[in-house]
Amino acid sequence: MGRPPKSGVQIRLVDLRRQPKTWDRERRVVAKIEWHDGELFPRIGFIVTNSKLPAGKVVKVYNRRGDVENRIKEGKNTLRWDKTSCYRFAANEARLLMGVLAYNLLRMVRQFYLMGEEVKRSMEWLIKRLIKVGAKVAYHGRMWQAHVASAFPLARRYQAVFG
């Protein structure tokens, strides 16, 4: 692994068995070492696991798990999924279901509408830029239309999604 790669990303997985003094027994540690183009030092991550899967699959499983946890955090922080302050179960259930529906709609907008962008936009960005916008909604000739101010910087994008 000595030198950084000339182009692209070089990844190496190392499977170790370790037992620091504070641990009661030896455990499996999967180390992921990534050399990125233009970076002087590698990025190193460690996963302590009891899984018997190969190292590559362990990394994939933990990466997916981290992505799911990020989506849950995004739902809680942006759409307030954890706000279940009603006394009745049915009211809390309805609030959670509406939050999940809103999340899925925003996820579809992010996935299909912002497809060509290299940056994955957050739900908060979408809400501030596309949802919390002053618009006039009108029904003309069996068709709903959303009218935004011509000075709105994202007017073309807004019309593409909601127009």
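Please treat every number below as a calculation from the coordinates, not as lab data. Because the structure is a prediction, the values reported are computed rather than measured. Note that each Cβ is placed from the backbone with ideal geometry, even for glycine, and that neighbours are counted across all protein chains shown.
Side notes on the structure shown:
- Fluctuation leader among Arg88, Arg110, Arg64 - the chain, Gaussian network, Cα springs under 10 angstrom: Arg88
- Subtracting the Cα-Cα distance of Cys86 and Ser122 from their residue separation scaled by 0.36 nm leaves 10.1 nm.
- Burial ordering of Thr78, Thr22, fewest other beta-carbon atoms within 10 Å first: Thr22, Thr78
- Tally of Lys pairs whose C-alpha atoms are under 24 Å apart, taken over the chain, 8 or more apart or cross-chain: 22
- Residues considered: Phe41, Phe89, Phe152. Largest GNM mean-square fluctuation over the chain, using C-alpha springs under 10 Å, is found at Phe41.
- Once percent of Cα pairs over 23 Å apart is calculated for the structure shown, the corresponding label among (1) 39; (2) 44; (3) 64 turns out to be (3).
- Taking a span of 20 Å or more along the helix axis (Cα atoms) and a mean Kyte-Doolittle hydropathy of at least 0.0 as the rule, the DSSP H helices of the chain that qualify are 89-108.
- A simple spin-label model places pseudo-atoms 7 Å from Cα toward Cβ; at Arg17 and Ala135 they are separated by 6.1 nm.
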